[in-house]
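Notes to accompany the following structure.
The values are calculated or read from the model by the stated rules, or taken from the named source; none is laboratory data. Bear in mind that the values here come from a model prediction, so they are computed numbers and not experimental data. No Cβ is skipped: glycine too gets one built from the backbone with ideal geometry, and neighbour counts run over all protein chains shown. Quick note on the areas: whole protein, heavy atoms, side chains included, nothing else; ligands and nucleic acids left out. Shrake-Rupley method; radii C 1.70, N 1.55, O 1.52, S 1.80 Å.
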Amino acid sequence: KPILLQGHERSITQIKYNREGDLLFTVAKDPIVNVWYSVNGERLGTYMGHTGAVWCVDADFWDPGSAGDTKHVLTGSADNSCRLWDCETGKQLALLKTNSAVRTCGFDFGGNIIMFSTDKQMGYQCFVSFFDLRDPSQIDSNEPYMKIPCNDSKITSAVWGPLGECIIAGHESGELNQYSAKSGEVLVNVKEHSRQINDIQLSRDMTMFVTASKDNTAKVSLGQRKKTRKLPCPIELVVLGGGQEAMDVTTTSTRIGKFEARFFHLAFEEEFGRVKGHFGPINSVAFHPDGKSYSSGGEDGYVRIHYFDPQYFEFEFEA
């Protein structure tokens, strides 16, 4: 039986586990940012300050040399701001104002560099901005050390690449770009999808990532792999969520609306399971870092945490 989290008044926009997996952060088309204890679904607190829909959230990475807790949380909103929070106290540490809505955001793997992208709207073009949190003057002056313009198509999803050397960005046009985090140069440009890329998720070992698009496809980009390999659960499975367009939900039953999470085997590309529960399209899914559970957030405003036994999802095969 799933754990049902009810902490938002409007549809979920993104859910994100921290690196340890003990915390789950959720944001929605309301100004509320929630943090939950992922083991039992207890709400630990909220981060209050935004005045519009919150599109994105990220937590910094655990430093083994520190106390072991997530320290900072980053959020981006339609109120034209990106905000940095103290994870434990909920205190707002920094407010970065923008000219348009902040669509994506993220910490690099040292937790020192943040990036966020803004929408192409109200006469302003899309930009990706980079700030170094070790330099307070950048925060005080609201001036990033690097700003990359995206003239053709706005960024709709973005994640940091391996070692924080680049970011991988999906665009409204279906293009994928890889931008250097040092020079801003476009390292890779490919057209993988025919419509908007809604989400990008990296595997835990950073060797591959999956993109999900409005063209009703999800594609996995594979890195270098050994010839023979027994893959652990978090890398072996791909979980996808979606459903009919939100505007059509009121005329669609849950049976034909395709509002379930679907499980695919990464190597064999075969679907082997579905999980129902949401009463509308699934907007965001995330695996727990240990691979023993996953969470989904829907247009219905609910977040569900599902547990399963990973022994049923282990395969050994020739690559």
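Observations on the model:
- Within region 160-209, tally of residues that are within 20 Å of TRP55 (Cβ to Cβ) and touching a helix residue (DSSP H, G or I) at 6+ places or on another chain (Cβ under 9 Å): 1
- Leading residue by the ranking (nearest to the chain's Cα centre (by Cα)) among those in region 195-208 that are crowded, with 20+ Cβ neighbours inside 10 Å and among the hydrophobic types (A, V, I, L, M, F, W, C): ILE200
- Set LYS258, LYS226, LYS230: member being open to solvent by 10 Å² or more (accessible area, probe 1.4 Å), out of contact with any strand residue (DSSP E or B) (no Cβ under 9 Å at 6 or more places or on another chain) and modelled with pLDDT under 60: LYS226
- Residues of region 68-87 that are charged (D, E, K, R), under 19 Å from ASN112 (Cβ atoms) and not in a strand (DSSP E or B): ASP69, LYS71.
- Residue check, SER38 at negative phi and buried (at least 21 other Cβ atoms within 10 Å of the Cβ): yes
- Evaluation of LEU163 against (1) buried (at least 18 other Cβ atoms within 10 Å of the Cβ); (2) within 19 Å of ILE200 (Cα to Cα); (3) not acidic (Asp, Glu) (one fails), failing number: (1)
- Residues that are open to solvent by less than 80 Å² (accessible area, probe 1.4 Å), farther than 22 Å from ALA59 by Cα and at pLDDT 95 or above occur at least once in region 127-144.
- Residues that are assigned to a loop (DSSP other than H, G, I, E, B), under 17 Å from GLY170 (Cα atoms) and free of Cβ contacts under 8 Å to residues at least 40 places away in the same chain, drawn from region 121-154: GLN125, ASN151, ASP152, SER153
- Top-ranked residue of region 46-67 - restricted to ones that are at pLDDT below 95 and surrounded by fewer than 17 Cβ atoms within 10 Å (Cβ to Cβ), ranked as nearest to MET115 (Cα to Cα): ASP63
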